[in-house]
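Report on one structure; see the data block that follows.
The values are calculated or read from the model by the stated rules, or taken from the named source; none is laboratory data. Just so we're clear, the structure is a prediction, and the values are computed from it rather than from any experiment. FYI the Cβ positions are ideal-geometry reconstructions off the backbone, even for glycines, and counts take in every protein chain you see.
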Amino acid sequence: MPAPVQRINAWSSPRNISTALMYAFRQRNDTTVVDEPLYAHYLTHGQTEAVHPGASDILESQLNEGDEVVRKVLMGAYEAPVVFFKQMTHHLVAMDESFLQHMDNIMLIRDPRAIIASYAKVIPNPGIDDIGVEQQYYLFQKLQAMGTLRAVVDARQLLLNPPGVLRQLCTCLGLAFDESMLEWPAGPCPEDGVWASHWYGRVHTSTGFQPYTERTYELPPALEGLARQCAPYYHTLFEVALKADVA
């Protein structure tokens, strides 16, 4: 009988440090990582009007139906004892979500102003369904009710103290902290999705989590309303997020 596999979904907003977190878990000897397995499903069934770079390549590279992704990828066979699925929360549309009960789930959040400022550089005029913050709030409630939410990780807190926050995260997941999670080789990794050339330029130049730098984000008037709309959802999740100043 095959050994059980621990399956971890990391539900992130876009333009977060989710790729860096995936790279961190990739350094573990006990872990396999999978990059955004529901992206093609989202492009097929989502309601967004945004034009995603490389959309046709994404649709060709992945299974397009969420239920098939669950069966063959999320719940598929793996040799590693731990599998880390980097997920975008807004990709979770038009599908049976019961698989969430059988997996460990964490959430990766970021200040909506920072998300919007970064996202709009690639896809202009995003709406609330593109940003994923509202979806994170409702997914947070569902996962809490299911009892399968293990932790909420805030990008700023993680960058302020990578070893401290990663150590807490590993404890929440029942894993031993591994110092190798703090560094990785520069450049792409084989697990990157075909969309990497459009989105991962900065992380490909990194060799670890970059020190946090305080910034202000100026948004055009059309996007200020979106930031205000997202703020209450973010602040609710931040209240329960792992904190950098906890040993």
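A few remarks follow.
- Filtered by the rule that a residue be surrounded by 14 or more Cβ atoms within 10 Å (Cβ to Cβ) and either free of Cβ contacts under 8 Å to residues at least 60 places away in the same chain or touching a Ser or Thr at 6+ places or on another chain (Cβ under 6 Å) (or both), region 211-225 gives a lone residue, Tyr212.
- In region 52-63, the residues that are under 20 Å from the mean Cα position of the chain (by Cα) and either part of a loop (DSSP other than H, G, I, E, B) or of a type in the set (D, E, K, R) (or both): His52, Pro53, Gly54, Gln62, Leu63
- Single condition Leu143 does not satisfy, out of (1) touching a strand residue (DSSP E or B) at 6+ places or on another chain (Cβ under 6 Å); (2) hydrophobic (A, V, I, L, M, F, W, C); (3) outside any helix (DSSP H, G or I): (3)
- Residue in region 73-81 that is in contact (Cβ under 8 Å) with a residue 24 or more places away in the chain and under 18 Å from Gly132 (Cβ atoms) present: no
- Residue match in region 26-44 (condition: in contact with a strand residue (DSSP E or B) (Cβ under 6 Å, 6 or more places away or on another chain), part of a helix (DSSP H, G or I) and in contact (Cβ under 8 Å) with a residue 60 or more places away in the chain): yes
- Among residues of region 64-118 being assigned to a strand (DSSP E or B) and among the polar types (S, T, N, Q), the one that is farthest from the chain's Cα centre (by Cα) is Asn105.
- Within region 184-206, tally of residues that are small (Gly, Ala, Ser), surrounded by 15 or more Cβ atoms within 10 Å (Cβ to Cβ) and either part of a loop (DSSP other than H, G, I, E, B) or in contact with a Gly (Cβ under 6 Å, 6 or more places away or on another chain) (or both): 2
- Any hit, region 163-174, residues being touching a helix residue (DSSP H, G or I) at 6+ places or on another chain (Cβ under 9 Å), at pLDDT 95 or above and surrounded by fewer than 16 Cβ atoms within 10 Å (Cβ to Cβ): yes
- Considering region 121-134, and only residues there that are in a loop (DSSP other than H, G, I, E, B) and buried (at least 19 other Cβ atoms within 10 Å of the Cβ), the residue that is farthest from the chain's Cα centre (by Cα) turns out to be Pro126.
- Selection status of Ala145, surrounded by fewer than 21 Cβ atoms within 10 Å (Cβ to Cβ), small (Gly, Ala, Ser), without any contact (Cβ under 8 Å) to a residue 40 or more places away in the chain and under 24 Å from Ile8 (Cβ atoms): yes
- Pick from region 35-49, criterion within 19 Å of the chain's Cα centre (by Cα) and surrounded by fewer than 19 Cβ atoms within 10 Å (Cβ to Cβ), ranking: farthest from Ala120 (Cα to Cα): Leu43
- Screening Leu63 against (1) surrounded by fewer than 16 Cβ atoms within 10 Å (Cβ to Cβ); (2) over 30 Å from Leu242 (Cα atoms) leaves a single unmet condition, (1).
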